[in-house]
1. Which residues, taken from region A:234-280, are more than 8 Å from chain B (Cβ to nearest Cβ) and among the small types (Gly, Ala, Ser)?
2. Looking at (1) surrounded by 13 or more Cβ atoms within 10 Å (Cβ to Cβ); (2) away from chain A (no Cβ under 12 Å), can you tell me which one residue B:105 breaks?
3. Inspect region B:15-36 for any residue being within 14 Å of another protein chain (Cβ to nearest Cβ), of a type in the set (Phe, Trp, Tyr) and over 20 Å from residue B:91 (Cβ atoms) and give the result as yes or no.
4. For residue B:50, are the conditions met, namely being touching a helix residue (DSSP H, G or I) at 6+ places or on another chain (Cβ under 6 Å) and crowded, with 20+ Cβ neighbours inside 10 Å?
5. State all residues of region A:188-233 that are of a type in the set (Ser, Thr, Tyr) and either more than 10 Å from chain B (Cβ to nearest Cβ) or in a helix (DSSP H, G or I) (or both); if no residue qualifies, say none.
6. Tell me the helices (runs of 4 or more DSSP H) entirely within region B:1-110 that contain at least 2 residues that are closer than 19 Å to residue B:155 by Cα and touching a His at 6+ places or on another chain (Cβ under 9 Å).
7. Being within 11 Å of chain A (Cβ to nearest Cβ) and among the hydroxyl-bearing types (Ser, Thr, Tyr) is the filter here; which residues of region B:237-264 pass it?
8. Which residue pairs have Cβ atoms closer than 9 Å, lie 6 or more positions apart in sequence or on different chains, and pair a first residue in region B:137-160 that is away from every other protein chain (no Cβ under 14 Å) with a second residue that is outside any helix (DSSP H, G or I)?
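Laboratory data are not the source of any read-out in this text; all were calculated from the coordinates shown. Please read these numbers as outputs of a predicted model, since none were measured by experiment. Neighbour counts run over all protein chains shown; Cβ positions are idealised from the backbone, glycine included.
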Amino acid sequence: MRRTLLGSAVILMLGLTGCANAGGSPGAGSGKPVVIGVSLSLDGDFSGDGKALQQGYDLWAADINARGGLLGRKVQLKYVNDASSTQQVVTNYQNLITRDRVDLTFGPFSSLLTIPASEIAARYGYAFPEPAGGGPHVFDRGLKNVFFVQPAPVVDNLVSYAKWLLALPADQRPKTAAYATEDDPFTQPQVDRARSLLEAAGVQTVSNKVYPAETTDFTPLALAVAQSHADVVVLGTQLPDAIAFIQTFEQQHYSPKSLVETTGPDQGAQFSDKIGTANTEGLLVPAGWWPDAKTTANDQFVKGFLAKYGGDAASISADAAEAYSVGEVVQQAVGRTNSLDNAKLIQAMHSGTFSTIQGNMAFDATGQPNGQSFLVQWQHGQTVPVYPPAVAVAKPEYPKPSWQ
Amino acid sequence: MSGLAVEAAALGVLTGGVYALMASGLTLIFGVMRIINVGHGALVVLGAYLSFVLFRQWHIDPFLGLVVTMPVMFGLGVVLELVFIRPLRTDREALSVLVTYALALGIEGVLGLAFSANFQQLSVWYESAGVQVGDFHVAYVYGFGFLLSVAMLSGLGLLLTRTTFGAAVRATMLNRAAAQLIGIDVAMISAIAFGIGMATAAAGGVVFGITTAFNPGSHYDLISRLLTIIVLGGLGSFRGAIVAAVLMLVVQDVTAVLWSPTWAAFTFFALLTLVLVARPQGLYGMRVRE
């Protein structure tokens, strides 16, 4: 009996505490900070990217707070770790919105996590600007609250690459290509799109492998690509497989004329340290941002980043720039509506152009950006845009040099 | 195409040897202590980080560094056994899963604080250099890893079959209660077995750290593979761990290159299911009457 009574008392106390929390609205009172809830992958497969997003978000918060915050209130970021899990990310946003009652939400890393997370945000009417979920399935579910803050829809990321290859003089144009990609909603659509463009132009597919995202041993896959002796290689990778494929190619003395990876070469020193800076020469990656871009406030972002985190400009991950841009878009939407009301912010983000360190961008009805991504190449230890010519600052190196 | 299959099979044998080494610690711990150490993957990752520290700070070759990391991991294993495993008196098998999972999360958290979530890798000269065999280039690291596994597993085999300590370990594996009755210090044997298990994790961690970019969260995928290996081989069996590891890697690698990586895991698990239907105790496991 005593145990029952004690249990009831504990439940009652917990209930009362819950009511007390529910009664207090963090949004009330101008002295309270604006709390922004974010689920980040601080462990698991995406932990490298999760950390980089955190750097970008933190830097934006520090910058905006130095300028007086949002509507005169300080910005406070509330991070929770989703360990790269699609289940955990759902729980996290559910808790951030219903229990913590955050004012705004920012997105996690990857299309994989953005897809379930944005459903939760939509259920509660929250705007969901996000830095890294650009796969086609993010936009085909009829949601109005998602805004992908990168210059171009992900599915088109490798279009520039295909166009560049096909624009090469006929005697240099590749005859064969090999493809390998994770079965991930971010990587696979890009590789499929590039393959259809190249096949349509007569570039023969000599190897095409799709592997589960949980694969840890990439050597046999890389071996299959190496043995195909393809002229060019297109890989749908995240950072660990981006590194593993290159290492096996190097072991097998297989150096294709051109190698593009969806992610990896855009991760700065995290990438170049692992494969050796000399081996980065000529590697390609689609990108929407690069350290020397002449976009609004980019130089301040780079300077601020280096002051806060150290390193050099080449070591800054594009993830950080994308996260920072999410903050910029929200800051402008809040400024235009003079409100933190999520319905008003969603409306504002669907209209008008936003200035970010990745360039100006606008969003269509599904939240896709309207710009174009470009092709970045490692040249002499740095990444530089090489295609299309309008943004290029250097000529693309082709064929890429052999491994060192 | 058949050439590619042979290469994939060869690669499977070489990497399978390394997985056998990692799984041997897990199967030893189960055999002696009747606990399922789901933290074993995290211990392998910890071993990789220890080698990484020696390599980065003092430029000590990761294989040579085992002279330091294996005793350190052995000592740590004894301490962890005393603090976390020994207090489990009842329902050891079930509780040990929770305790060792907590241990894995703890190790992951500490490594995350110390090294951040960034991926690391042990970049050594023999990671890309190697020998040409036909069309296939075998990186030295796979050969070194395989030789290390053979040496360590043979050493472990000799220790278990040719020494008094080994006899005590085998007696404990066969029947814990009876071993205690004939005067074997089962508690001490358990602590030492846990230490040896961790020392093999350190050795496996070196090869894992050279061939794979790792971060503190890398243990999840690793432990699922290691558990599968010891279930197929038979819980508590060394020979089983070796055969199962090689079988798993060969089947998966050959399926991946000849057919599709998407079907690689499926093919292996289909095989595993068939084996378990025919032999529920695994390839070399023993049916135990409790």
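1. A:236, A:242, A:255, A:258, A:264, A:268, A:269, A:272, A:278
2. So the condition that residue B:105 fails would be (2).
3. Yes, some residue in region B:15-36 is within 14 Å of another protein chain (Cβ to nearest Cβ), of a type in the set (Phe, Trp, Tyr) and over 20 Å from residue B:91 (Cβ atoms).
4. yes
5. A:196, A:205, A:219, A:228
6. Per the criteria, B:2-33.
7. Passing the criteria: B:255, B:260, B:262.
8. Once the first residue is away from every other protein chain (no Cβ under 14 Å) and sits in region B:137-160, its partners that are outside any helix (DSSP H, G or I) give B:148/B:63.
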